[in-house]
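Student: The structure's right below; bear with me while I get my questions together.
The values are calculated or read from the model by the stated rules, or taken from the named source; none is laboratory data. Everything numeric here is computed off the predicted structure, so don't read it as measured data. Here the Cβ positions follow ideal geometry from the backbone for every residue, glycine too, while neighbour counts run over all protein chains shown.
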Amino acid sequence: MRTVLYLVTKNEEDATPSLIAQDFPENLTTSAVLLQEAVSLSNVQANRVCALTEDAVSKKITPSAPTVSYRDLLHMIFDADVVVAL
């Protein structure tokens, strides 16, 4: 199965869902990691959504998505077939 990883850095509540394509073939999964200003987003649609722990802590935000460490993020980047920065 092929994977697309979105790295979302901007808190654009209305724009982010439209930037992540929803009509992928069945053999493709999407993941999104919320970074920097985007850790507070709550309406990101992907097969898996998570927020970077360090960014959530530094902004004193409890994200609506599960959190991941920098180490986990690096594994996700290297494991993905395509990485898209938004």
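Student: Among the residues of the stretch 71-80, are any more than 20 Å from Val4 (Cβ to Cβ), at pLDDT 95 or above and touching a helix residue (DSSP H, G or I) at 6+ places or on another chain (Cβ under 8 Å)? Step through it out loud before you land on a result.
Tutor: Applying the first criterion (more than 20 Å from Val4 (Cβ to Cβ)) to the stretch 71-80 yields 71.
Filter again for at pLDDT 95 or above, leaving 71.
Next cut, touching a helix residue (DSSP H, G or I) at 6+ places or on another chain (Cβ under 8 Å) only: none.
Within the stretch 71-80, not a single residue is more than 20 Å from Val4 (Cβ to Cβ), at pLDDT 95 or above and touching a helix residue (DSSP H, G or I) at 6+ places or on another chain (Cβ under 8 Å).
Student: Also, quick follow-up: Just for the stretch 53-86: of the residues that are closer than 15 Å to Lys10 by Cα and under 11 Å from the mean Cα position of the chain (by Cα), which one is surrounded by the fewest Cβ atoms within 10 Å (Cβ to Cβ)?
Tutor: Residue satisfying both the conditions and the ranking: Ala85.
Student: Right, something else. Restricting the search to the stretch 8-52, which residues are out of contact with any helix residue (DSSP H, G or I) (no Cβ under 8 Å at 6 or more places or on another chain), surrounded by 14 or more Cβ atoms within 10 Å (Cβ to Cβ), modelled with pLDDT of 85 or more and not in a strand (DSSP E or B)?
Tutor: If the condition is that a residue be out of contact with any helix residue (DSSP H, G or I) (no Cβ under 8 Å at 6 or more places or on another chain), surrounded by 14 or more Cβ atoms within 10 Å (Cβ to Cβ), modelled with pLDDT of 85 or more and not in a strand (DSSP E or B), then Glu37, Ser40, Ala46 are the ones that fit.
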